[in-house]
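The values are calculated or read from the model by the stated rules, or taken from the named source; none is laboratory data. Being a predicted model, the structure only gives us computed values, none of them experimental. Don't worry about glycine lacking a Cβ; one is built from the backbone with ideal geometry, like all the others, and counts go over all protein chains shown. Heads up: the accessible areas ignore ligands, DNA and RNA and are worked out on the full protein's heavy atoms, side chains in. Shrake-Rupley method; radii C 1.70, N 1.55, O 1.52, S 1.80 Å.
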Amino acid sequence: MVAAEVSSLVVPGRLPADARRALGIPGPGDPPPPSGIPLGTVLARFGVQREPLGARMVRDSILIPGSRVSVESSARMWLDGLPVALASERVTAEFCQQARTRLATTRAAAVPGLRAS
């Protein structure tokens, strides 16, 4: 099994109206709808800053069945000096290996003679 999971907790009332619209949030008290686009990607154009809160390796994760190892990390997102969201990620080792293989394939196709090390 190859898996990556990202989740975010957003404080919509602290986001400017244009940032809420970009996230599909109708009003200051409404939660954001589910999206396949990472929160940080959407908020980057508004000057959001990411504060890493740490990461840890988890063996035989019961949260992602079939995975041997996963990495869990979290970060706080700030906008204009106010915390606006808490993001967390869970990524399996298998996902990282597959991403590395795809990246190496893409690079080799883009730059002939380049090999991943």
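When the surface is traced with a 1.4 Å probe over the full set of protein chains, S35 keeps roughly 80 Å² accessible. Here R90 sits with roughly 60 square angstrom of accessible surface, probe radius 1.4 Å.
Our coupling estimate for the stretch 23-40, obtained by passing each phi through the Karplus curve with A = 6.51, B = -1.76, C = 1.60 and θ = phi - 60°, is 8, x, 8, x, x, x, x, 9, x, x, x, x, 8, x, 9, x, 3, x Hz, Gly and Pro reported as x.
What the phi angles of the stretch 89-99 give under the Karplus curve with 6.51, -1.76 and 1.60, with θ = phi - 60°, is a coupling list of 10, 9, 10, 7, 4, 4, 4, 4, 5, 5, 5 Hz, glycine and proline written as x.
Could you pull out which residues in the stretch 1-44 have an amide N less than 13 Å from a spot 7 Å beyond the Cα of T105, following the Cα-Cβ vector? In the stretch 1-44, the label zone of T105 (backbone N under 13 Å from the point 7 Å along Cα→Cβ) covers no residue. With a 1.4 Å probe rolled over the protein heavy atoms of all chains, the accessible area of V10, V71 falls in the order V71, V10, largest first.
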